[in-house]
Each structure stands twice: as C-alpha cells, then as structure tokens.
Amino acid sequence: MRYAEASYSGEGALKRQPPIANSVLGMILFIMTELMFFAALVSAFLIIKSSVEAWPPEGQPRLPVFVTAINSVFLLSSAVTLFLANRSFRQDAYGDPTLKLLKATLYLGILFVAIQGFEWARLISYGLTMTSSQYGAFFYLIIGTHALHAIGAIIGLVWLYRLMKERRLKQQTFSAGQIFWYFVVGLWPILYVLVYLT
Amino acid sequence: MKLLRLFRLFPFLLLLALAKPALACSVCAVASEEARYAYYFTTGLLTFLPLFMIGGIVYYVAKKYR
C-alpha cells in the first residue's frame, strides 16, 4: 500500500486517495466504450470498402477534401486552446485568460460543426444521401456519429464555461470534459484519412 | 441406465442432424487480397483494442501504487 498520498479522515483512520479522480475514470471508461463503437463502424467500413470494385462508386459526388482539411485545422486548434485553458486554470483558476481560452475552444468547435453541416447540405444537394449508396451510408453514419459527439462535447464545454463563470468548476470536472474533447479531436484525423482520403 | 441417458440425448442429436451448413461466411464470399487484409486488420483491431485499453488503465493504476 502506498502511504505517500494517503491522508487522515475525520475519525483518524487512514484514507487512501484514488489514483484517478472518479469523474476522470468514469470519462475514460465511457470513452473506451465509444472507441469500441467507432472501431466497429470503421471495421464495417473497411470490409465493405475492400469488397467492392470501385471506391468511391461511379456517379457519386466526391467528398470536399480541401475544405474539410481546413476545418480539421480548426478542430485541432481547439485542442490546443483547451490545453492552454487547463494550464491557465491550474495557475489562476477563474482568471480572465482561462475564460477566454475556453470560449475560443467553444467557438472553434462550433465553427467545425457549422462547416461540416454546410458541407453536408451541399453533398445532399449533389445527391449523396444515406440511401444513394453504401458510400453515402457509411459517410453519414461515421462522420455523422462523430459530429453528434462533437455537438455533445460542445454542450459539455458550455456547461464547463458556465460552471467556471460561476466559480464552481473543479479541476477534476474540467479534466473529464477535457478528455472527452480530446477524444473528439483525436478521433477526427483517423476518420478523415479513412473516409475522405482513402 | 446408460441407454436411458443416451435416449435423452436423442433430441439434441436430432437437432444436429437437422442443422444445415450456414453459407453466410462473409470471408468466403470475398476473394480479393485487400478484403482478406481488411478482415485480418479489423479482427486484430476489435480483439486487441479493448485489451490494450483495459491493460492501460490497470498498468497506470498499478504504477501509481508501486
């Protein structure tokens, strides 16, 4: 047993600190299930893609590779601003720079989802739908699932921002939210390469 | 007694006899090399990813308490 991090409770009994905060551990376990979910989607996509003669199929619109690459930069930048926000939070918890950095993360995330939505509307107008082909079905399923996670993470960031403004945000809550955002950001390059570039 | 036990197994043996081969094996339907590698890759991914993730947490906690 490691006593270096142990502390005494009110009754005098030795109380061991958990190695990972409960909220962080809960988020990690949740992300593990999410990773398996995405692994299953990617597996199905790879199998179908490798089983057909031509991918993307003839007559289907091509995906907006360049615009999405720029959009990816916005999303990756949001991870940097969130990292800086957390660092700022550790130094000066409820200071102005922390709030600004968190707000910047939020805006970058919203921008990413908005551009994705705009591109989707264009693709639908060009005839790429869920039912147009397996190509369209997988595109909307995989990228759409990621977009839903991005929207969920943005809602989470709004909640963190509110807690921070009210000076009620705990470090472990911030870390849990940060981990989820990193999951959304970290997953994106893999999906982008798989779905858009291959 | 033994005969009675065997007799009890009869319905199960009958079910086995009734079973038809399932020709739904997706690997058999695909002949291309790329598809074969995709199957290997995805099998590996779905098998080892949970083990690595759980192993990672266990390793982290064990290291923290060492």
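Bear in mind that the values in this text are calculations on the coordinates, not laboratory data. Owing to the predicted nature of the structure, the values given are computational and were not obtained by experimental measurement. Note that each Cβ is placed from the backbone with ideal geometry, even for glycine, and that neighbours are counted across all protein chains shown.
Just A:V52, A:V185, A:V158 to compare: in a GNM of chain A, with alpha carbon springs under 10 Å, which one fluctuates most?
Fluctuation is largest for A:V52.
Taking the number of other C-beta atoms within 10 Å as the exposure measure, put A:V42, A:V184 in order starting with the fewest.
A:V42, A:V184
Could you work out the helix-only [θ] at 222 nm for chain A, with each DSSP H run of four or more residues adding -39,500 (n - 2.57) and the total divided by the number of residues, to the nearest 500 deg cm²/dmol?
One gets -25500 deg cm²/dmol as the mean residue ellipticity at 222 nm.
If the elastic network links every pair of Cα atoms under 10 Å, which of A:A176, A:A54, A:A44 fluctuates the most in the Gaussian network model of chain A?
Its mean-square fluctuation being the largest, the pick is A:A54.
Around B:S32, under 15 Å between beta carbons, what's the net of Lys plus Arg minus Asp minus Glu among the other residues?
It works out to a net charge of -1.
Tilt of helix A:96-125 relative to the longest C-alpha principal axis of chain A, in degrees (0 to 90, nearest 10)?
Roughly 20 degrees, rounded to the nearest 10.
Where the Cα atoms of the range A:21-197 are projected onto their three principal axes, how long is each span, largest first, in whole Å?
57, 30, 20
Given labels modelled 7 Å from the Cα in the Cβ direction, how far is it in nm from B:T43 to A:R167?
If labels sit at B:T43 and A:R167, their model points lie 6.1 nm apart.
If we restrict to alpha carbons, what Rg and Dmax does the range A:125-198 come to, in Å?
16.4, 50
Using only alpha carbon pairs under 8 Å that are at least six residues apart, calculate the relative contact order of the range A:1-160 and give it in whole percent.
Once divided by the residue count of the range A:1-160, the mean separation gives 19 percent.
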